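Heads up: the structure comes next, in structure tokens.
The values are calculated or read from the model by the stated rules, or taken from the named source; none is laboratory data. None of these values were measured; they are calculated from a predicted model. FYI the Cβ positions are ideal-geometry reconstructions off the backbone, even for glycines, and counts take in every protein chain you see. Surface accessibility is based on the protein's heavy atoms, side chains included, excluding ligands, DNA and RNA. Shrake-Rupley method; radii C 1.70, N 1.55, O 1.52, S 1.80 Å.
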Amino acid sequence: MAISKTKKSTKKGIGLKDDIRAFFYLSPWIIGFAVFQLYPLIASLFYSFTNLDLMNVPKFIGIKNYVDMFTKDPDFIISLKATIKYVLFAVPAKLVFALFIAVLLNMKIRAVNFFRTVYYIPSIMGGSVAVAILWKIMFAKDGIVNKFIAYVHIPSIDWLGSPNIAIYTLGLLVVWQFGSSMVLFLAGLKQIPNEFYEAGVVDGASRPRMFFSITLPMLTPILFFNLVMQMISAFQEFTSAFVVTNGGPLKSTYLYGMKLYTEGFSHFKMGYASALSWVLFAIIFVLTIIIFKTSDNWVYYEDGGKL
């Protein structure tokens, strides 16, 4: 009995040391998360119920910021409509284009690894200010895009000056950065058993039929992941609208991210900006839940499981 108790206490001691060692190695991440993510998250929720303006001591005002947002701030609705329009165009277009390129790069062609690298480069650049400035120059009235379409005898288009077109021009910038989604689709294509396609050939199925009956259903888990991630990212877009159009023309590209920036750093209404950020969080949260709830109807898993 004494020996068994000694062994148990020894194991407990070793287990405790392992836990302490593990906590020690995890502590930099835990501290970073608490300081740079958890604390700002809690603080912004508190400040959303105050009139914080960076000049005076914040005072608690209850839900006034939220009430004013929906009843007294026309720019809130304008920015929300512009953002929804932007998301509805940019996200589907990006996913369709990424899937199209992934299918092409999954074929057996020469120098395929080179092309995969080249197509991924725009995503490495990301939504940087330099890329946004380049986009602004390219789509200017006398930019390279209008020069090219003029060369093929197509009338010039006011890409950034027309309220009906500018939002889609910004969306094209996101579509161009399709590399991350493409890589995931490409990985999914590599996992589809070739036997499925062989069976399709035996049954006389055409390539389009096999794509919609085999490829697309097998890729739905990756499509689901890409949809959620790209939707979240699109709702938070800021750089392109700020640098390329500055919210114009006529606030047609005044995205929600710009509204947040304007209230917080131009008008110094940090309390109101915090409330705006939490409304954005609620919108993204609800849409994500809807996508998860509806995924059972269109996401296919080989084992028949559900999320």
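Please list the helices of the chain that count as membrane-span-like by this rule: a mean Kyte-Doolittle hydropathy of at least 0.5 together with Cα atoms stretching 15 Å or more along the helix axis, each helix being a complete DSSP H run.
Span-like helices in the chain: 74-105, 112-125, 166-176, 179-190, 216-235, 270-294.
Using a 1.4 angstrom probe on heavy atoms only, work out the carbon and sulfur share of the accessible area of region 181-307 in %. Don't jump to the answer; show the numbers that get you there.
Values: 4400 of 6780 Å².
Heavy-atom surface of region 181-307 belonging to carbon and sulfur, 1.4 Å probe: 65 percent.
Give the carbon-plus-sulfur fraction of the accessible surface of region 122-179 in %, rounded to a whole number; probe 1.4 Å, heavy atoms of protein chains only.
Working: 2350 of 3250 Å².
Solvent-exposed carbon and sulfur of region 122-179 make up 72 percent of the total.
Measuring from centroid to centroid over Cα atoms, what is the spacing of region 212-229 and region 118-183 in Å?
Using only Cα atoms to place each centre, the spacing works out to 27 Å.
State whether region 148-307 is rounded, prolate or oblate according to the following rule on the C-alpha gyration tensor (a ≥ b ≥ c being the square roots of its eigenvalues): a/c under 1.5 gives rounded; otherwise a/b larger than b/c gives prolate, and the remaining case gives oblate.
Oblate shape, in that a/c is at least 1.5 and b/c is the bigger or equal ratio.
How would you rank 280-288, 23-31, highest first, on the average number of other Cβ atoms within 10 Å across their residues?
Descending packing order for the listed peptides: 280-288, 23-31.
Please compute the contact order of region 179-307 in relative form: average sequence separation of alpha-carbon pairs under 8 Å and at least six residues apart, divided by the residue count, as a percent.
Working: 75 pairs, mean separation 30.3, N = 129.
Contact order relative to length: 23 percent.
Against the globular-protein guess of 2.2 N^0.38 Å, express the Cα radius of gyration of region 12-101 as a ratio, rounded to two decimals.
1.85
From the cross-link list K94/K251; K94/K269; K59/K136; K81/K190; K85/K269, which pairs have alpha carbons spaced over 31 Å apart?
K94/K269; K59/K136; K81/K190
Return the ratio Rg/(2.2 N^0.38 Å) for the chain, where Rg is computed over Cα atoms only.
Normalised Cα radius of gyration, the chain: 1.31.
Give the accessible surface of region 26-111 per residue, rounded to a whole number of Å², with probe radius 1.4 Å and ligands, DNA and RNA excluded. Could the numbers behind the result be given before it?
Numbers: 5720 Å² over 86 residues.
For region 26-111, the solvent-accessible area averages 67 Å² per residue.
Just from its helices, what would the mean residue ellipticity at 222 nm be for the chain, if runs of 4 or more DSSP H residues each count -39500 (n - 2.57) and the sum is divided by every residue, rounded to the nearest 500 deg cm²/dmol?
-21000 deg cm²/dmol
Per residue, how much accessible area does region 214-300 show when a 1.4 Å probe rolls over the protein heavy atoms, in square angstrom?
Working: 3840 Å² over 87 residues.
Accessible surface, normalised per residue, equals 44 Å².
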